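Below is one structure, written out as structure tokens, with a few remarks after it.
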Amino acid sequence: MQKTLMIKLSVIGGLCLLFAIGLSLIQSLVYERQQYSDSVISEISSQHVNPQEVITPFIAVPTTITPACKAYDSEKCPKAYQTTTPQFAKSTKAEQSLAVNTDTYKRGIYHATSYQGQLNFKQQYTLINTKLPTASTETTTTTALAADATDNSYYERGERIDYDWQDARLIIPVSDLRGVSQLPTVKINGQVMTANYPATPKMSGLSYVEVVLPSDLAQKPKLQLAIELPLIGLSAIRTVPLGQHFSLTMTSDWHAPNFIGQALPAQKSMDNQGFKATWGNQYLTVANNQMISQCLTRPNTGCDIQANLAALGGQNDNGIDAMRQAEIALIEATDNAGSQVRQPVQLNGFGVSFAEPNDVYLQTERTMKYALLLIMVSFGTFFLFEVIKSLRIHPIQYLLVGSALLVFYVLLLPLAEQVAFWQAYVIAATACIGLIGWYTYYVLNSVKRAAIFTVILGGLYAGFYGILTTEDMNLLLGAIFCFVLLASVMYLTRKIDWYQVA
């Protein structure tokens, strides 16, 4: 008798292992569908518009720097070089409102979350050295001279700096200009200025529009700027702060924002109508100022500011890169002819990813984590009926019931791609519970026993769905659920003499 029991338990264990392999195959199907969804969204992004990243506008001034060298080493004095000096706003207040629309870009059953809105920048500049220097003019700077110098004894800390304010530009960087449907409106000291695309970009890799500053800039060193920038993007938006006192306020009708980047909003409020968030991080702003200044003013180097796809840690639930993150690259010439060293540095920023609150692939994957437990409980219930009621259930019947439990996940995924997840869950669970309940009537030879098994199975599905909907406590509730199940089995079998079981 004991041998028969051991054989039965071995068969049940083998079936559980077989179904675990089946679950892994279904999970690979989930990953495949998710990757296909991601590829469709990436294709939409490449054909229409990308996630947007906006760097705070700044002024770029062409600059000529003449190093000051000791007289007795004048032969080793490097020649004057031309560079670009950034001028950052003394204060910036960016007010942004977005209208998020999920119906704009669709491919079959897949869609990408698009948004449109307007960024309003209010900035104040106090320019330095706006008067054109004479031949004898010298200014000092705390910046070290040529960074590739091998012997600093040949260099003084003083250097002559000539600013070409006649060719100064206001730079408005946007990562994907396809999302700028209209050129921004710019007011400088109340005067409306025209923004244009640069004929010859002066900053490698940076996508931007520019504004030619007034010719009488030397007589007006203080500037008040107001910029209205219409913007369209996909999936996420990120801001790179520059200046001295930067703050960003964003409002949207999207009710499930995912805050990304290196800083969370200082204040936020969310409800079913949308959200409002305010950012302000002085440290990130100063760090960005330093990196931009180093990139643009460093001698004997190339400067490359790009927005590259990068892993932010703020990706959306689909696994798609949530942002195009700005990256600075300092490109330095080395001693070897023609060789260069590229040193990328990522700028700090923050923003919002418009993640789907009900990602069907993530929820299906979470549901499958309890699949093996569901199968084990079902098989255990059958086994207890065998032991307590002296029934004989064939391994083929175990196999058919387990297959019906697996079909639930095969139904759940395609249904969830068509309708809401909870609707797909109810339809798939009802179909499988009904099929298994009908079949167990013939397996257990009793309406009462079949009803008990059906109620247990329905309770399991309902309990698992309740765990899925409480994202913050699903691990705790899952642990409690498992404990309750184990305690119930131990209570029901507490008086069974397993040595006497046939």
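Every read-out reported here was derived from the displayed coordinates using simple, explicitly stated rules and does not represent laboratory data. Bear in mind that the values here come from a model prediction, so they are computed numbers and not experimental data. Cβ sites come from the backbone with ideal geometry, for glycine too, and all protein chains shown count toward neighbours.
Over segment 210-265, the ratio between the Cα radius of gyration and 2.2 N^0.38 Å evaluates to 1.61. Among L119, L17, L183, L374, the order by Cβ neighbours within 10 angstrom, fewest to most, reads L17, L183, L374, L119. Listed from fewest to most Cβ neighbours within 10 Å, the set F259, F483 follows the order F483, F259.
Checking the cross-link pairs K122/K276; K90/K268; K369/K389; K187/K276 against a 21 Å limit on the alpha carbon distance flags K90/K268; K369/K389; K187/K276 as lying beyond it. Peptide packing: for 399-409, 265-275, the average count of neighbouring Cβ atoms within 10 Å per residue gives the ranking 399-409, 265-275, highest mean first. Note on D176, D253: ascending count of other Cβ atoms within 10 Å places them as D253, D176, the fewest first. A simple spin-label model places pseudo-atoms 7 Å from Cα toward Cβ; at H394 and N196 they are separated by 8.6 nm.
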